[in-house]
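Here is the structure we will look at.
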Amino acid sequence: MDELVFGGTLFIIFIAVVFLIIIASFVPIRLWIEAMAAGVRIGLGTLIGMRLRKVNPAGVVRPLINATKAGLALRVDDLEAHYLAGGNVNRVVTALISADKAGIELPFQRAAAIDLAG
């Protein structure tokens, strides 16, 4: 009887470890920690949602970190929408940072439209 309990316990532990490995590969924990360390508040649910929507989380979060560090207040939803529209998020954020430093008023929507126009 003890062997069955021990075997069942090992099986449950094995299943739990496999489940955690699958979750860890699906959730970009390192990117989340990177964002938190940079002062960007983004939830794990948001990152999981990006993966489910076939959005590269790093392609959205890293430009968001750059924008936050440069003093720009951008929304992750806007960056994700631009990514899904086929835009280059990094190029738009770089343009916004450059415009801000040059004292040129350039709203995100206009920069995104210029990027999508080519």
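The values are calculated or read from the model by the stated rules, or taken from the named source; none is laboratory data. Please read these numbers as outputs of a predicted model, since none were measured by experiment. Here the Cβ is made from the backbone with ideal geometry for all residues, glycine too, and neighbour counts use every protein chain on show.
Inspection of the stretch 2-9 finds no residue satisfying the criterion of being among the hydroxyl-bearing types (Ser, Thr, Tyr) and under 24 Å from Ser98 (Cα atoms). Candidates in the stretch 39-69 are the residues that are within 16 Å of Val93 (Cα to Cα) and more than 12 Å from the chain's Cα centre (by Cα); of these, the one that is surrounded by the fewest Cβ atoms within 10 Å (Cβ to Cβ) is Lys69.
Going by what's in this entry, would Val40 be described as β-branched (Val, Ile, Thr) and either under 26 Å from Ala113 (Cα atoms) or touching a residue at least 24 places away in the same chain (Cβ under 8 Å) (or both)? Walk me through it before giving the result.
Working: β-branched (Val, Ile, Thr): yes; either under 26 Å from Ala113 (Cα atoms) or touching a residue at least 24 places away in the same chain (Cβ under 8 Å) (or both): yes.
Against the criterion (β-branched (Val, Ile, Thr) and either under 26 Å from Ala113 (Cα atoms) or touching a residue at least 24 places away in the same chain (Cβ under 8 Å) (or both)), Val40 qualifies.
Out of curiosity, is Lys54 among the basic types (Lys, Arg) and at positive phi? Yes; evaluated as a whole, the condition is true for this residue. Among the conditions (1) modelled with pLDDT of 95 or more; (2) more than 23 Å from Ala111 (Cα to Cα), the only one that Arg91 does not satisfy is (2). Out of curiosity, is Lys54 over 24 Å from Glu105 (Cα atoms), out of contact with any Pro (no Cβ under 9 Å at 6 or more places or on another chain) and among the basic types (Lys, Arg)? Criteria met by Lys54.
Scanning the stretch 72-116 for residues that are small (Gly, Ala, Ser) and closer than 24 Å to Met50 by Cα yields Ala73, Ala81, Ala85, Gly86, Gly87, Ala95, Ala111, Ala112, Ala113.
What are the residues in the stretch 70-82 that are more than 12 Å from the chain's Cα centre (by Cα) and without any contact (Cβ under 8 Å) to a residue 12 or more places away in the chain, if any? Within the stretch 70-82, Ala73, Ala81 qualify.
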